[in-house]
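Data first, discussion second: the structure below is written as structure tokens.
The values are calculated or read from the model by the stated rules, or taken from the named source; none is laboratory data. These figures come from a predicted structure and were not determined experimentally. Reconstructed Cβ throughout: ideal geometry from the backbone, glycine too, with neighbour counts over all protein chains shown. The protein model used for the area step is the full one, side chains on, heavy atoms only, and it has no ligands, DNA or RNA in it. Shrake-Rupley method; radii C 1.70, N 1.55, O 1.52, S 1.80 Å.
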Amino acid sequence: MEDLSIEFDMIGMDVALANAFRRILLAEVPTMAIEKVFIHKNTSVIQDEVLAHRLGLVPICANPHMFSFREEGADDKTISDQDTIRFKLQVKCTYNVKDSIDPDERYRCHNVYSGHLKLDPIGRQEFTFGSITDDGELKPVHDNILIAKLRPGQEIDLEALCFKGIGKDHTKFSPVATASYRLLPEIELLEEVTGESAERLRASFAEGVIGLKTDEDGKTKAYVEDARRDTCSRNVLRHNDLKDKVKLSRVRDHLLFFIESTGGMPPGILMGDAIDVLIAKCDHFIGELDKTSEAPIK
């Protein structure tokens, strides 16, 4: 497990259930994202709607469990610390060293990054999540996402509101960069492979799948080191003298599940949220069945 990604095994589980978790992670686990942008001034070359779209795709580091969904049709002016995060972005480009040809030296603030988004606390958010300094919890996941480029005299001044949503409504609310699964590869050597053939066999697979060892007679022999790393390339089938010495298959009830988070929430927490969503769906379905069974027959 890394900070943004996790891989774990699902053993004895049907593929349909794993696919349900994948779809829920993509579309039904909530997160926070910029939904409304109020542009007070934009003299850059980027149109207002394109600028707002780019801001919406910036992942926000915020725990969605601490916020509620906005009521449908709610007025943008009626926001609270329970359902909204507010950021301000104010950047103006000026000259620094006019004689330089390097833009980084010639201009100040000529690149507008996600790090320029500063939290503007609502209600008690300043006490709940920290101050408006860079140490506050509510902030963009990455500070170096390029939003716009400016030249001297150009300026961007705006206010952005983050709401809670799900990927089914817009992909910017999806909490994962990817969620996928695959069957565990299984590799079996049917015959002993030695010498130069062993070298070719190792080169036919991804690094770390096939290992080489030297026996007591000094002969190099191939063995399966870690079938998990196999990418199922099937390159070994191109060698007529090797293809009948190897059996390639997959373990049907052993899945490798991979989650890569966009950074707003740890991937392990996201999987727990996906399980909660699936349980809620099952409870709702069982409840509807109970209502049907209790209904009088006409």
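The number of residues in the stretch 68-104 being open to solvent by 50 Å² or more (accessible area, probe 1.4 Å), closer than 17 Å to residue 151 by Cβ, among the polar types (S, T, N, Q) and modelled with pLDDT under 90 comes to 1.
The set of residues in the stretch 166-189 that are open to solvent by less than 50 Å² (accessible area, probe 1.4 Å) and part of a loop (DSSP other than H, G, I, E, B) comprises 166, 167, 174, 175.
A quick yes/no check of all residues on (1) open to solvent by 70 Å² or more (accessible area, probe 1.4 Å); (2) at positive phi; (3) not in a strand (DSSP E or B):
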{"site": "10", "(1), (2), (3)": "no, no, no"}
{"site": "21", "(1), (2), (3)": "no, no, yes"}
{"site": "29", "(1), (2), (3)": "no, no, yes"}
{"site": "32", "(1), (2), (3)": "no, no, no"}
{"site": "35", "(1), (2), (3)": "yes, no, no"}
{"site": "44", "(1), (2), (3)": "no, no, yes"}
{"site": "50", "(1), (2), (3)": "no, no, yes"}
{"site": "54", "(1), (2), (3)": "yes, no, yes"}
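Checked against (1) open to solvent by less than 40 Å² (accessible area, probe 1.4 Å); (2) within 22 Å of residue 266 (Cα to Cα); (3) not in a loop (DSSP other than H, G, I, E, B), residue 65 passes all but a single condition, namely (1). On the stretch given as the stretch 190-207, residues that are within 38 Å of the chain's Cα centre (by Cα), open to solvent by less than 80 Å² (accessible area, probe 1.4 Å) and not small (Gly, Ala, Ser) total 3.
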